[in-house]
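Readers should treat all values here as calculations from the given coordinates under stated rules, not as data from a laboratory. Just so we're clear, the structure is a prediction, and the values are computed from it rather than from any experiment. Using ideal geometry, Cβ is built from the backbone for each residue, glycine included, and neighbour counts are taken over all protein chains shown.
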Amino acid sequence: LNLPLTISDSLIFTRGVIASDSSNLLLIPDNCIVTGASDSGFVAGPVKKTGNDAFTFPLGSIKYSPLTISTPSNVTDAYTAQYLRASHNKGTNADSTIENESSCEYWKLDRNAGSSNVTLKLGWNSLSCNVYGLDSMHVAVWDTATSKWKDKGNGGTTGNLTSGGVVSSSAISTFG
């Protein structure tokens, strides 16, 4: 994108990558429908979603790597998400319940407006690293106050070791 783009009604991915950045965001307003994201079509860069709808951010890099949030409370709540295929460089200081962490990818989720806490679902694919067992998959959030990875649990998984997702076991109140 060469400028911010607001989708007015629906965005249907068929094939191709939308490249965005912090200055040229893809903006998804309340009640906008996004469908068809896959390994053939996704957004490489940040996406901002406003509204009170559960939403799957159509993110990726080489492959589709979605992040889903549960329903925020208010129509004015806004979140910006981005998938990064890189090491997070935060170190390994973590809750004792975290056995391993990805060294090749992470998601960034910011709450831009509102105060709603949401559950997260993170998706993995064949390029993801450190996927050893569905039961051991957990959502973790970097807590800047403690400089520590905080375990947000495993509220359920889908898929298999090659492709799937894990849901946090409770709502997230720490973003970044």
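Looking at region 1-143 only, what percent of DSSP beta bridges run antiparallel? Nearest 5 please. Around 60 percent of the beta bridges assigned by DSSP in region 1-143 are antiparallel ones.
Applying a 4.7 Å Cβ-Cβ cutoff to the chain leaves Cys32 as cysteine residues with no disulfide-compatible partner. For Asp77, neighbours were defined as the other residues whose beta-carbon sits under 14 Å from its Cβ, and their charges (Lys and Arg +1, Asp and Glu -1) total 0. Note on Thr76 and Thr35: with the Förster distance fixed at 30 Å, the Cβ-Cβ geometry gives a FRET efficiency of about 0.80. Considering every alpha-carbon pair of region 53-95, the percent of pairs per 5 Å bin, from zero through the bin containing the longest distance, is 5, 18, 20, 17, 17, 16, 7, 1. Using a/c under 1.5 as the rounded threshold, could you call region 35-121 rounded, prolate or oblate? The axes a ≥ b ≥ c are square roots of the C-alpha gyration tensor eigenvalues, and prolate needs a/b larger than b/c, oblate otherwise. Oblate, because a/c is 1.5 or more while a/b does not exceed b/c.
Entry note, the chain: relative contact order of 16 percent, from Cα contacts under 8 Å with a spacing of 6+ residues.
Please say if region 1-67 is rounded, prolate or oblate, where rounded means a/c under 1.5 for a ≥ b ≥ c the square roots of the C-alpha gyration tensor eigenvalues, and otherwise the choice is prolate for a/b larger than b/c and oblate otherwise?
oblate
Counted over region 9-65, the DSSP beta bridges are approximately 15% antiparallel.
What number comes out for the charge environment of Thr157, summing +1 per Lys or Arg and -1 per Asp or Glu over other residues with Cβ under 10 Å away? Don't jump to the answer; show the numbers that get you there.
On the way: positive: Lys121; negative: Asp135.
Net local charge, Thr157 excluded: 0.
Please state, to two decimals, what the Cα-based radius of gyration of the chain comes to when divided by 2.2 N^0.38 Å (N = residues). Write down the numbers at each step before the final one.
Numbers: Rg = 15.5 Å, N = 176, 2.2 N^0.38 = 15.7 Å.
Output field value: 0.99.
Here the dipole of the chain is about 200 debye; that uses its Cα centre as origin and unit charges on the Cβ of Lys and Arg (positive) and Asp and Glu (negative). Multiplying the residue separation of Asn24 and Asn93 by 0.36 nm and removing their Cα-Cα distance gives an extension gain of 21.5 nm.
Each label was represented as a point 7 Å from its Cα along the Cα-to-Cβ direction; for Arg85 and Ala171 these points are 3.5 nm apart.
When the C-alpha to C-alpha distance is required to be over 20 Å, the pairs from Lys90/Lys152; Lys49/Lys152; Lys63/Lys148; Lys63/Lys108; Lys49/Lys108; Lys48/Lys148 that qualify are Lys49/Lys152; Lys63/Lys148; Lys48/Lys148.
What does the charge count near Asn112 come to, summing +1 for each Lys or Arg and -1 for each Asp or Glu among other residues with Cβ under 10 Å from its Cβ? Spell out each step's value before the answer.
Details: positive: Lys48, Lys49, Arg111; negative: Asp77, Asp110.
Charge balance near Asn112 sits at +1.
When the charge dipole of region 54-166 is built from unit charges on Cβ atoms (+1 for Lys and Arg, -1 for Asp and Glu) and taken about the Cα centre, the candidate among Phe55, Leu161, Trp142 whose Cα reaches farthest toward its positive end is Phe55. Please say if region 74-176 is rounded, prolate or oblate, where rounded means a/c under 1.5 for a ≥ b ≥ c the square roots of the C-alpha gyration tensor eigenvalues, and otherwise the choice is prolate for a/b larger than b/c and oblate otherwise? Prolate is the answer for region 74-176, as a/c is 1.5 or above and a/b outweighs b/c.
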